[in-house]
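Chemist: Pasting a structure here, questions to come.
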Amino acid sequence: MARPNDFCGRTRREFLWQSGCGFAGTALAGMLGDDFFASQTVAADGRTPFQNPLAPKEPHHEPDATACIFLFMYGGPSHIDTFDYKPDMIGRDNQTVKVRTFGRGGHKNEGRIVEPRWKFQQYGESGKWVSELFPNVAKNVDDIAFLHSLTADSPIHGSALLMMNSGRILSGSPCLGSWLNYGLGSVNENLPGFVVMLDPRGGPISGPKNWSSGFMPATYQATVMRSKGEPILDLKPPADLSQSAQRELLNSLRDYNEEHLAQRADNSNLAARIASYELAFKMQQHAPEAVDLAQETQATQKMYGLDNPTTETFGRQCLMARRLVERGVRFVQIYSGGNHNDANWDAHGDLEYNHNLHAAETDRPIHALLTDLKQRGLLGKTIVVWGGEFGRQPTAEYAKGTGRDHNSYGFTMWMSGGGIKGGTSYGQTDELGAAAVENELHVKHLHATILQQMGLDPNRLTYFFSGLDQKLVGVEGAQPIWDIIQSA
């Protein structure tokens, strides 16, 4: 048994350096309590009060939404096989047509049509056409706005993922969740404001860059939660570290912070680090409860598909997302699809196998999420976004087979809740779904709409870096998609 001042066989300074500066050790700084932070966390002048970088901030205008859940179909789902009905393609399988495409296989001017492999039918009062891949989501169409004319700047996964998450094809910029954390702060001091859940099969290309805070302080980056086992790794303190030793450790940390602060005029990084220690400690107590699905009724668990091995993983993540936004988490992003090839929606080979697999995993949980949010009165304040980094081409990638290459010229995403007009379709691609031809949208218009609905003017939300007032929507700015906003 460790003695009070025995730091697992190391001196106090050694233990602080080796583990105390890590997430698990310093997470316990919350034991010092509010009195410590009130008295110690001041600017270099010794008088200015510490400002928590994640403290709630006033929005630019009254928000329609207070949270956003982004369902990211990594790999690029085929819009023409899911929600963008193209009857003109029926009966034209294997016909060679003139069509401009650009994907992994490069630029092409003609291709062999791959007729949609699933039948479509109309649903809801809006009469929206949806393929048989999503029979459950189809029941929610009157709460969904479908955006059929999205475009992006890259047909390559790595850069397209960065664009969908950060608005730029190059790494180093804050992602959407970071901008929301920066602009609005967090209303829950016990949980992170930005959470990412990955597919157990692996993470996406570009990895953590997709949930990075970029040139902003690390305070605004995401916390990655797992759907199985411990939700957050390294959150628990070492089992052999006694409470009295923890207190001694934190006293030492306080002393070192004072030394550091006395020598520096700018304490913004230190303030961010102290805030992260406080949050981490509180998460030790509250994060397990927030993701404890055993608290949900059996009926709710079954609705999300937790009783079926096919839907269990994504269903758990959707149910966790609902519990998190209930508790004040601003932004939750869930990835469907991981690793490479058919482990995600990247259907270069067998389109039917690929999309049957991933649609079966996600259709029931997504329907449950939308239905559950609506039943609880949360959908009106929660934006749900569905889509991937791009769509897929109407023509085959290879001489044989049904595989489709990437398509960034025109693809479909959808939004629901948070003041978005349900039962609407906006924009249009050509008769083959190869490119946007009506009300063309860019990824930045999607971002602008999310910011607008959460109370932030996308053209006023700035962060000064590299000599410019940087924006999520680009220095040149962008307008929200006003036609799908209820209050517009």
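The values are calculated or read from the model by the stated rules, or taken from the named source; none is laboratory data. If you're wondering where the values come from, they're calculated on a predicted model, not measured in any experiment. Counting neighbours? That spans all protein chains shown, and the Cβs are built from the backbone with ideal geometry, glycine included. All accessible areas refer to the heavy atoms of the entire protein, side chains included, with ligands and DNA or RNA removed. Shrake-Rupley method; radii C 1.70, N 1.55, O 1.52, S 1.80 Å.
Chemist: Can you give me the pair-distance distribution of segment 115-253, C-alpha pairs, 10 Å bins, whole percents?
Modeler: In order of increasing distance, the bins hold 10, 22, 28, 25, 8, 5, 2 percent.
Chemist: For segment 67-75, just list the computed ³J(HN,Hα) in residue order, Karplus coefficients 6.51, -1.76 and 1.60, θ = phi - 60°, integers in Hz, with x standing in for Gly and Pro.
Modeler: These are the phi-based 3J(HN,Hα) values: 8, 9, 10, 9, 8, 9, 8, 5, x Hz.
Chemist: If you don't mind, there's one more thing I want to ask. Pop out the Kirkwood hydrodynamic radius of segment 145-187 from its pairwise C-alpha distances, inverse of mean 1/r, in Å to one decimal.
Modeler: Its Kirkwood hydrodynamic radius stands at 11.7 Å.
Chemist: Can I ask one more? Using the Karplus curve 6.51 cos²θ - 1.76 cosθ + 1.60 with θ = phi - 60°, what ³J(HN,Hα) values do you get for each residue of segment 460-469, in whole Hz, with x for Gly and Pro?
Modeler: Rounded to whole hertz, the list is 10, 6, 10, 9, 6, 7, 6, x, 10, 7.
Chemist: Against the globular-protein guess of 2.2 N^0.38 Å, express the Cα radius of gyration of segment 365-410 as a ratio, rounded to two decimals.
Modeler: 1.81
Chemist: Then there is this: Any idea what Rg and Dmax come out to for segment 359-438 if you just take the C-alpha atoms, in Å?
Modeler: 15.9, 51
Chemist: Continuing with the same structure: If I ignore ligands, DNA and RNA and count only protein heavy atoms, how much of LEU324 is accessible to a 1.4 Å probe, in Å² to the nearest 10?
Modeler: 0
Chemist: Give me the base-10 log of I(q)/I(0) for segment 366-488 at each q in 0.17 Å⁻¹, Debye formula, one uniform scatterer per Cα, rounded to two decimals.
Modeler: -0.98
Chemist: Now, a different point. Counting only the heavy atoms of the protein chains, how much of ARG201 is accessible to a 1.4 Å probe, in Å² to the nearest 10?
Modeler: Looks like 80 Å² after rounding.
Chemist: Sticking with this one: Tally Lys/Arg at +1 and Asp/Glu at -1 over every other residue whose Cβ is under 9 Å from the Cβ of HIS157; what's the total?
Modeler: Net of charged neighbours comes to -1.
Chemist: Okay, moving on. With viscosity set to 1.002 mPa s at 20 °C, what whole-number translational diffusion coefficient in µm²/s follows for segment 60-120 from Stokes-Einstein and a Kirkwood radius over Cα pairs?
Modeler: The Stokes-Einstein estimate is 143 µm²/s.
Chemist: I've got another one for you. Can you give the accessible area of HIS60, probe radius 1.4 Å, in Å² rounded to 10?
Modeler: Here the residue's solvent-accessible area equals roughly 60 Å².
Chemist: Taking the Cα centroid of segment 314-331 and of segment 355-377, what is the distance between the two, rounded to the nearest whole Å?
Modeler: 13
Chemist: Let me ask something else. 5 Å is the cut-off here: which amide hydrogens, built 1.01 Å from N in the peptide plane, fall below it relative to ARG392, excluding neighbours closer than 5 in sequence?
Modeler: Here the answer is HIS79, ILE80, ASN407, since their amide H atoms fall under 5 Å of that of ARG392.
Chemist: Something else: Could you tell me the distance between the Cα centroids of segment 62-92 and segment 179-204, to the nearest Å?
Modeler: One Cα centre to the other: 23 Å.
Chemist: Could you compute Rg(Cα) / (2.2 N^0.38 Å) for segment 433-488, with N its residue count?
Modeler: In units of the globular-protein estimate, segment 433-488 measures up at 1.27.
Chemist: Sticking with this one: Calculate the translational D of segment 106-196 in whole µm² s⁻¹ from Stokes-Einstein, where the hydrodynamic radius comes from the Kirkwood formula applied to all Cα pairs, the temperature is 20 °C and the viscosity 1.002 mPa s.
Modeler: 124
Chemist: Give a residue-ordered list of calculated ³J(HN,Hα) values for segment 135-150 (Karplus: 6.51 cos²θ - 1.76 cosθ + 1.60, θ = phi - 60°; whole Hz; x for Gly, Pro).
Modeler: After applying 6.51 cos²θ - 1.76 cosθ + 1.60, I find x, 7, 4, 4, 6, 9, 4, 6, 9, 10, 9, 8, 10, 9, 10, 5 Hz.
Chemist: Calculate, for segment 91-132, the solvent-accessible area per residue in square angstrom, rolling a 1.4 angstrom probe over the heavy atoms of the protein chains.
Modeler: 62
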